[in-house]
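K.L.:
For reference, the structure I am asking about is given below.
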Amino acid sequence: MNKMNKWLKLLLVIVLFIAVGIGGTAVQKFSGRYTDLNRKSKLVSTEINDSATVHVKGAVKNAGTYTLTEGDRVSDAIKSAGGASDGADLDRINLARVIKDGDEIFVPKSGEDFSITPSGAVNINSADVETLKTIPGISDTLAQKIYDYRAQNGNFENLEDIIKVKGIGDKTFAKIKSYITVQ
């Protein structure tokens, strides 16, 4: 009889553990904290826009607008445009720059004056000091500071980055922004 009580107690403990496990699972499931990984989600996924549309022009085989993936590089955009055409001067642009939506990528030809764009704006990423001085509102001193800043920190990513140059504030930027570009 003593042996039977021992087995009965053991069986009771096992049944108790099973009951607690089932009960705990039921509580979790009905309380909303339980997630059935096999159940298909009824949530509508929101699509993250990770594309970037860029305009590639200049010395490329097929100039035009191309939609790439955010994080792609200028070199990827040029490949999308069929590659550089004969006479393209790829050493004058940053092929490793990460593109962003709305970028305009201009590939210059060898010997072409790349500092002044077809629109007449001065490309502050390639202009020398003399060309920078032609921008209305830029003194000789500021032109040198822009040139030195670019030499130390690399190309400007956008127009507003020129405000990082000591001596150029919001007022000066407002005066010059229609005369400058970054490519």
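No value in this document is a laboratory result; all are computed from the given coordinates. As the structure is a prediction and not an experimental result, all values here were calculated from the model. When we count neighbours, we look across all protein chains shown, and the Cβ atoms used for this are built from the backbone with ideal geometry, even at glycine.
K.L.:
In Å and from the alpha-carbon atoms only, list the Rg and Dmax of segment 60-183.
P.N.:
14.9, 42
K.L.:
Please list, by residue number, everything in segment 95-110 whose backbone N is under 19 Å from a paramagnetic label point 7 Å out along Cα→Cβ of D128.
P.N.:
108-110
K.L.:
Of all trypsin sites (Lys or Arg not before Pro) in segment 151-183, which ones are in loop regions per DSSP and have a Cβ with at most 11 other Cβ atoms within 10 Å?
P.N.:
In loop regions of segment 151-183 (DSSP not H, G, I, E or B), the sparsely surrounded trypsin sites (Lys or Arg not before Pro) are K166.
K.L.:
Which of the residue pairs K79/K164; K57/K164; K57/K171; K57/K177 have a Cα-Cα distance greater than 30 Å in the structure shown?
P.N.:
K79/K164; K57/K171, as the Cα separations exceed 30 Å there.
K.L.:
In nm, what is the difference between 0.36 nm times the number of residues separating V13 and K171 and their Cα-Cα distance?
P.N.:
Stretched fully, the V13-K171 segment lengthens by 48.8 nm.
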